[in-house]
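Single-structure report; data block below.
The values are calculated or read from the model by the stated rules, or taken from the named source; none is laboratory data. No experiment lies behind these values; they were computed from the predicted model shown. Cβ coordinates were reconstructed from backbone atoms using ideal geometry, including for glycine residues, and neighbour counts include every protein chain displayed. Ligands, DNA and RNA are stripped out before the accessible areas are found, and what is left, the full protein with its side chains, is counted by its heavy atoms. Shrake-Rupley method; radii C 1.70, N 1.55, O 1.52, S 1.80 Å.
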Amino acid sequence: MENTANRAELCGRFFTLPEVSHENHGQKFYHFYLEVERLSGTADVLRVVAPERVLMATELEQGDMLFVRGQVRSYNEHTEGSHRLRVFVYADELQCREGEPLNDICLTGAVCKAPVYRRTPLGREICDLMLAVPRGYRRTDYLPCITWGQTARLAATLSPGDQLELLGRLQSREYQKTTPEGVQTRTAYEISVQSAQLLDDIRPISLENF
């Protein structure tokens, strides 16, 4: 059954060959990376996980344009006493096809932490949200979202439990992390929000280009 609370459609360059991610109930799952170009010319490199049956139904070659339909998912990876939130796209459908880059995400869920509002050194307003999006079998995906400008000011007024519908794109962002082994370059994934709607009273939360 389609999860209407969580829809992702991507179209980009098949960037890396698939590798085994994990096995569950006798079924293998593979992961690979998709390079999706933005209008600015930069690209997001996004992790995709696909079950073996979906992957094997499509003949893929590195560099092909690939369409992915599925959901944005997350899990906590625990290593050496710490944990990291891993965000990826789970593929229900893969198709090799030429076309324009596509990165469309639609989520419906609840704000599960107090929003974090801040300004960049150049004065741009940003507000971070963590959205809890229901999945089947009583599971939940916790997805970091980032809003900008007027949208950020209004998002900052939200409280845990508020129900939202968000439209945006999944983006990748590199950052520096200081660890006992030294400074490491890591990649964060988040939903860059284009528009949002508070569902309780259908109050629009602005619309701003990003």
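Tabulated values for the structure
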{"item": "Set of region 84-114 residues, backbone N closer than 14 Å to the point 7 Å along the Cα-Cβ line of Glu61", "result": "96-98"}
{"item": "Taking the chain and dividing mean pair separation by its residue count, relative contact order in percent (alpha carbons under 8 Å, at least six apart)", "result": "18"}
{"item": "Pairwise label distance in nanometres, Glu37 with Arg186, each label 7 Å out on the Cα-Cβ vector", "result": "3.1"}
{"item": "Within the accessible area of region 36-116 (1.4 Å probe), percent carbon and sulfur", "result": "46"}
{"item": "Sites Arg84 and Arg135 - FRET efficiency at Förster radius 22 Å, r taken between beta-carbons, to 0.05", "result": "0.65"}
{"item": "Candidates Pro51, Pro180, Pro144, ranked by Gaussian network fluctuation over the chain, Cα under 10 Å, top entry", "result": "Pro180"}
{"item": "Apportionment of accessible area to carbon and sulfur, region 146-196, percent (1.4 Å)", "result": "45"}
{"item": "Relative contact order of region 69-186, defined on C-alpha pairs under 8 angstrom at six or more residues apart (%)", "result": "24"}
{"item": "Cβ-derived FRET efficiency at R0 30 Å, His22 paired with Leu167, nearest 0.05", "result": "0.50"}
{"item": "Heavy atoms of Met130: accessible area, 1.4 Å probe, square angstrom to 10", "result": "40"}
{"item": "Probe 1.4 Å, accessible area per residue of the chain, Å²", "result": "57"}
